[in-house]
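Participant: Would you mind keeping the following structure in view while I ask a few things?
The values are calculated or read from the model by the stated rules, or taken from the named source; none is laboratory data. What you see is a predicted model, and the numbers here were worked out from it, not measured in a lab. Because the Cβ atoms are built from the backbone with ideal geometry, glycine has one as well, and the counts that use them run over all protein chains shown.
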Amino acid sequence: MQTYTAVVERCPDTGLYVGYVPGFQGAHSQGETLEELNRNLKEVIAMLLEEGTPALVGEYVGTQTVVLA
């Protein structure tokens, strides 16, 4: 079993959830619900892995809060 971390945002224009896997080129999708987004991301990742294990171009580290005075 392989586990990937996806960054998820909600588009203010369409209301769709948009997700991507940092460092995994081409691993992005969208969905009307979080469940649909998850299914779509699984499908995209599986298709990309059929071509072989991709070289990751970055590694997800986390998020930071930036405060401006």
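Participant: Kindly indicate whether any position in the stretch 55-67 is touching a strand residue (DSSP E or B) at 6+ places or on another chain (Cβ under 8 Å) and not in a strand (DSSP E or B). Walk me through it before giving the result.
Facilitator: Keep residues of the stretch 55-67 that are touching a strand residue (DSSP E or B) at 6+ places or on another chain (Cβ under 8 Å), which gives 60.
Next, only the ones that are not in a strand (DSSP E or B) stay: 60.
Yes, the conditions are met somewhere in the stretch 55-67.
Participant: Might you check whether a residue that is out of contact with any strand residue (DSSP E or B) (no Cβ under 6 Å at 6 or more places or on another chain), modelled with pLDDT under 95 and not in a loop (DSSP other than H, G, I, E, B) occurs anywhere in the stretch 17-28?
Facilitator: Checked the stretch 17-28: no residue is out of contact with any strand residue (DSSP E or B) (no Cβ under 6 Å at 6 or more places or on another chain), modelled with pLDDT under 95 and not in a loop (DSSP other than H, G, I, E, B).
Participant: Let me ask you something else. Return only the number of the condition from (1) outside any loop (DSSP other than H, G, I, E, B); (2) exposed (fewer than 13 other Cβ atoms within 10 Å of the Cβ); (3) in contact with a Gly (Cβ under 8 Å, 6 or more places away or on another chain) that Val44 does not satisfy.
Facilitator: (2)
Participant: Hey, among Val18, Val61, which residue is surrounded by 13 or more Cβ atoms within 10 Å (Cβ to Cβ) and within 14 Å of Thr5 (Cα to Cα)?
Facilitator: On inspection, the qualifying residue turns out to be Val18.
Participant: Can you tell me how many residues in the stretch 1-10 are more than 21 Å from Leu49 (Cα to Cα) and either surrounded by 17 or more Cβ atoms within 10 Å (Cβ to Cβ) or among the basic types (Lys, Arg) (or both)?
Facilitator: Counting residues in the stretch 1-10 that are more than 21 Å from Leu49 (Cα to Cα) and either surrounded by 17 or more Cβ atoms within 10 Å (Cβ to Cβ) or among the basic types (Lys, Arg) (or both) gives 1.
Participant: Assuming Asp13 fulfils every condition listed in (1) closer than 28 Å to Gln64 by Cβ; (2) acidic (Asp, Glu); (3) surrounded by 12 or more Cβ atoms within 10 Å (Cβ to Cβ) apart from one, which condition is it?
Facilitator: (3)
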